[in-house]
Amino acid sequence: MIHKLIDKYCRALSWLMAASLALMVVLVFTNVVLRYAFNSGIAVSEELSRWLFVWLTFLGAIVALHEHGHLGTDMLVARLPVLGKKVCLVVGHVLMIFVCWLIFEGTLAQVRINWDSTSAAMEVSMAIFYGCGLVFAVSGAVILLSDFWRLLTGQLSDGELVGIRETVDMPHGDPKSLKGFK
């Protein structure tokens, strides 16, 4: 059930990222045209585009984490037996959950420090800018804990035991294809 909720959440984030990207394009293009053609511009365009880009990056990292789309190498892990793959996955998830905690703790400190600070052009709280780290840390931890639970309860298939989606040279999780692979 939680996996389906995470799927829907990531689909919503994908739509939000697409809308953010579209808004960034419109803002920057309009600002360029206004500057060159009319010697004016939209004051908040650059700052809002920057903020949207940072949020877009963190939201994209959440979706990539859910889809196991981050860069990685599975050359060693793919050769391990199932137990070795499980151990590597557990160690990797524990370390990533710890990193989510560090990001949460550091970002929360930044949000508190910048709560009363306002941005130059938009004049809104800088805590909104730093809030993307909180969203990433909490979302990432939920995704990792969900995957961790699926591993502990035996719901992960052998193909899902390798933490990345696939490599360029071989199908994901197929150790037989390693024959002659160098």
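Return yes or no: is Val90 farther than 29 Å from Val124 by Cβ, touching a residue at least 40 places away in the same chain (Cβ under 8 Å) and in a helix (DSSP H, G or I)? Judged against the criteria, Val90 is a match.
Quick one: count up the residues across the stretch 1-12 that are within 17 Å of Asp147 (Cβ to Cβ) and either basic (Lys, Arg) or within 14 Å of the chain's Cα centre (by Cα) (or both). Spell out the reasoning first.
Keep residues of the stretch 1-12 that are within 17 Å of Asp147 (Cβ to Cβ), which gives 1-10.
Still in the list and also either basic (Lys, Arg) or within 14 Å of the chain's Cα centre (by Cα) (or both): 4, 6-10.
Result for the stretch 1-12: 6.
Any chance the stretch 62-78 includes a residue that's within 27 Å of Ser119 (Cα to Cα) and either of a type outside the set (Ser, Thr, Tyr) or in contact with a strand residue (DSSP E or B) (Cβ under 8 Å, 6 or more places away or on another chain) (or both)? The answer is yes; a qualifying residue exists. Per the listing Ile97, Ile164, Ile103, the residue uniquely modelled with pLDDT under 95, within 15 Å of the chain's Cα centre (by Cα) and surrounded by 12 or more Cβ atoms within 10 Å (Cβ to Cβ) is Ile164. Residue pairs whose Cβ atoms lie under 6 Å apart, sitting 6 or more positions apart in sequence or on different chains, and linking a residue in the stretch 29-44 that is closer than 21 Å to Val124 by Cα to a partner that is surrounded by 11 or more Cβ atoms within 10 Å (Cβ to Cβ) and among the aliphatic types (A, V, I, L, M), are Asn31/Ile42; Gly41/Leu34; Ala43/Ala121; Val44/Ala121; Val44/Met122. Looking only at the stretch 26-44, decide whether some residue is assigned to a helix (DSSP H, G or I) and closer than 30 Å to Val142 by Cβ. No, every residue in the stretch 26-44 fails to be assigned to a helix (DSSP H, G or I) and closer than 30 Å to Val142 by Cβ.
For the stretch 62-85, enumerate the residues that are buried (at least 17 other Cβ atoms within 10 Å of the Cβ) and outside any loop (DSSP other than H, G, I, E, B). Step through it out loud before you land on a result.
Taking the stretch 62-85 first, the residues buried (at least 17 other Cβ atoms within 10 Å of the Cβ) are 62-63, 65-66, 74, 77-78, 85.
Those that are buried (at least 17 other Cβ atoms within 10 Å of the Cβ) and outside any loop (DSSP other than H, G, I, E, B): Ile62, Val63, Leu65, His66, Val77, Ala78, Lys85.
Taken over the stretch 125-152, the residue count meeting the criterion of being crowded, with 18+ Cβ neighbours inside 10 Å and either in contact with a strand residue (DSSP E or B) (Cβ under 6 Å, 6 or more places away or on another chain) or of a type in the set (S, T, N, Q) (or both) is 1. Where residues in the stretch 106-122 are of a type in the set (A, V, I, L, M, F, W, C) and assigned to a helix (DSSP H, G or I), which of them is surrounded by the most Cβ atoms within 10 Å (Cβ to Cβ)? For the stretch 106-122, the residue satisfying everything is Val111. Among (1) without any contact (Cβ under 8 Å) to a residue 40 or more places away in the chain; (2) under 13 Å from the mean Cα position of the chain (by Cα), there is one condition Leu59 misses while meeting the rest; what is its number? For Leu59, the failing item is (1).
The values are calculated or read from the model by the stated rules, or taken from the named source; none is laboratory data. If you're wondering where the values come from, they're calculated on a predicted model, not measured in any experiment. Neighbour counts run over all protein chains shown; Cβ positions are idealised from the backbone, glycine included.
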